[in-house]
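S.K.: The following block contains the structure, expressed as structure tokens.
The values are calculated or read from the model by the stated rules, or taken from the named source; none is laboratory data. Predicted model, so just to flag it, every value in this text is computed and none were measured. No Cβ is skipped: glycine too gets one built from the backbone with ideal geometry, and neighbour counts run over all protein chains shown. Ligands, DNA and RNA are stripped out before the accessible areas are found, and what is left, the full protein with its side chains, is counted by its heavy atoms. Shrake-Rupley method; radii C 1.70, N 1.55, O 1.52, S 1.80 Å.
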Amino acid sequence: MAPMLDANPDASGNASVANAIPYQGVSHAKLQALANKCLANYGTKFEKDIITRTDGLYVYTADGHRVLDWTSGQMSCLVGHGHPEVVETVHKHAAHLDHLFSGMLSPPVISLANRLTSALPSGLDKAFFLSTGGESNEAAIKMAKVYTGKFEIVGLGASWHGMTAQALGAQYHFGRSGQGPVMPGMHMLPPPNAYRSIFRNADGSYDWEKELDYGWSLIDRASCGSLAACIVECIQSSAGMHVLPPGYLKALKKHCEKRGMLLIVDEAQTGVGRCGDLMAINHEDVVPDILTLSKTLGNGLPLSAVITSDEIERVCTERDFCFYTTHVNDPLPAAVGDKVLEIVLRDNLIENSRRLGKVLKDGLLALQERYGCIGDIRGRGLMCGVEIVGDRETKALDLVLAKDIANAMYDRGLWANLSSHASFGGVFRIAPPIIITEEQVREGLAIMEDAFKNTPGSRPLY
């Protein structure tokens, strides 16, 4: 018989009480052996440790190593791991209102839709809820096609929107190879990368307007005349935490309006207070035609949202728009999303993100002054990127050094690198839970300082 795991083995080998912390006492070796035996690869190299517990801003390994989680899991646990009110909400709804027939409505879904649309600008009036960011982007792209009657979709180079067909077709960071053609009619704008773009003004500053206009000129030539929508992230996280330049989103919307296209903004990571505003679109004072949320809304549970205008919803309904899934508008995750929004708004966490984001960025800039391997610091609120280079003049990547620093940080108790894949370009992507305290920000910065100081090749400047 195949070996099994008990969630709560006690000294006698029997399952212990339900309140015990799961998997305490299960050895790393046993877990790793079972993983090697039965888990398939899905496109990533697994980290060396196995996590058996989470609590607040920390994760704990099977060997008892405590690590400050500066990526909020997969950029999702916005109000921390195991937030007591989220736990209570899950417990209550798992017991009494978990999952329903997809055509049935429930109070948590209605409440979340009302709380969410009430907090958003006019023009984002109707919402429905799915499970993942890829799903919500898939639905948004389909909605844009149904509404416009057109099929071509524009994405930004280095974007990440999900693994489903249309979302992947508009994604240019990674994941397109190995399966033959993607969806037809997909076009790419140049990635807005202020650090590395070749589009420069005479003084050397980034000329994003020329780059954007040039990109659209190429798309106009490639298009068959059926441009339906452009999908964009306000901060391209997988690209290396590149923030859209001030004015870029407004200019992009004008380009879309000129061509009769919809603008879709994907706020999987930037939404719900992460960047010092409720949504990143608030910072730019732009209202997209469709807004998608995921990750942060569910605090780690599978929940995403598609929000659009009354008019787009009306027309799509008349044209038989359908995105009917098993878990559309499920009550349990909706109840969690409603609670997350309540906590963020009630506890002034947007201001906390704004204030401590400044502490974080100032600390990272101080590190850049001390270590020559830090090429660029960028971000907004509690969402920052630190790019590691081999030479500041040439901006040459040094993925080996970046990995060495990442390992040193992790060994000292800080997780701040989401992926070791080369496509991520040696950038630490930092996005801690927005309940973080100043003490915890400084704790992480101190660990980073010690890791840089003790890693050969970091090139101390003084």
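S.K.: With the requirement that a residue be in contact with a His (Cβ under 9 Å, 6 or more places away or on another chain) and among the β-branched types (Val, Ile, Thr), what does the range 334-375 give you?
M.R.: Result: Val336, Val340, Ile343.
S.K.: Next question, about the same structure. Working only within the range 289-311, note down all residues that are in contact (Cβ under 8 Å) with a residue 60 or more places away in the chain and either in a loop (DSSP other than H, G, I, E, B) or open to solvent by 10 Å² or more (accessible area, probe 1.4 Å) (or both).
M.R.: Hits for the range 289-311 are Asp289, Ser294, Lys295, Asn299, Gly300, Leu301, Pro302, Leu303, Ser309, Asp310.
S.K.: Return the residues of the range 125-145 that are in contact with a His (Cβ under 8 Å, 6 or more places away or on another chain) and in a loop (DSSP other than H, G, I, E, B); say none if nothing qualifies.
M.R.: Of everything in the range 125-145, just one residue is in contact with a His (Cβ under 8 Å, 6 or more places away or on another chain) and in a loop (DSSP other than H, G, I, E, B), namely Ser131.
S.K.: Working carefully through the options Glu257, Glu211, find the one that is modelled with pLDDT of 95 or more, assigned by the TED database to the domain that holds Ile290 and under 24 Å from Val427 (Cα atoms). Working first, answer last.
M.R.: Working: Glu257 fails: under 24 Å from Val427 (Cα atoms).
Sole residue among the options that is modelled with pLDDT of 95 or more, assigned by the TED database to the domain that holds Ile290 and under 24 Å from Val427 (Cα atoms): Glu211.
S.K.: Could you count how many residues in the range 146-195 are at pLDDT 85 or above, part of a loop (DSSP other than H, G, I, E, B), within 21 Å of Glu211 (Cα to Cα) and among the small types (Gly, Ala, Ser)?
M.R.: Of the residues in that region, 4 qualify.
S.K.: Here is a further query. Run down Leu263, Leu252 and say which single residue is within 22 Å of Pro288 (Cα to Cα), under 25 Å from the mean Cα position of the chain (by Cα) and in a helix (DSSP H, G or I). Steps first, answer last, please.
M.R.: Details: Leu263 fails: in a helix (DSSP H, G or I).
None of the other options fit; the residue is Leu252.
S.K.: Hey, among the residues in the range 1-43 that are charged (D, E, K, R) and surrounded by 12 or more Cβ atoms within 10 Å (Cβ to Cβ), which one's modelled with the lowest pLDDT?
M.R.: Asp10
S.K.: Could you run through the range 387-403 and say how many residues are surrounded by 19 or more Cβ atoms within 10 Å (Cβ to Cβ) and part of a helix (DSSP H, G or I)?
M.R.: Going through the range 387-403 one residue at a time, the tally reaches 2.
S.K.: In the range 55-77, how many residues are in contact (Cβ under 8 Å) with a residue 40 or more places away in the chain, surrounded by fewer than 20 Cβ atoms within 10 Å (Cβ to Cβ) and within 15 Å of Arg412 (Cβ to Cβ)?
M.R.: Count: 2.
S.K.: Okay, next question. What number goes with the only condition from (1) in contact with a strand residue (DSSP E or B) (Cβ under 8 Å, 6 or more places away or on another chain); (2) in a helix (DSSP H, G or I); (3) buried (at least 16 other Cβ atoms within 10 Å of the Cβ); (4) of a type outside the set (S, T, N, Q) that Leu365 does not pass?
M.R.: Of everything listed in (1) in contact with a strand residue (DSSP E or B) (Cβ under 8 Å, 6 or more places away or on another chain); (2) in a helix (DSSP H, G or I); (3) buried (at least 16 other Cβ atoms within 10 Å of the Cβ); (4) of a type outside the set (S, T, N, Q), Leu365 misses just condition (3).
S.K.: Moving on to the next point. Every residue in the range 52-108 that is aliphatic (A, V, I, L, M) and either outside any loop (DSSP other than H, G, I, E, B) or in the same structural domain as Gly413 (by the TED database) (or both), please.
M.R.: Val59, Val67, Leu68, Met75, Val86, Val87, Val90, Ala94, Ala95
S.K.: Please pick out the residue among Glu152, Glu88, Glu138 that is without any contact (Cβ under 8 Å) to a residue 12 or more places away in the chain and of a type in the set (Asp, Glu).
M.R.: Glu88
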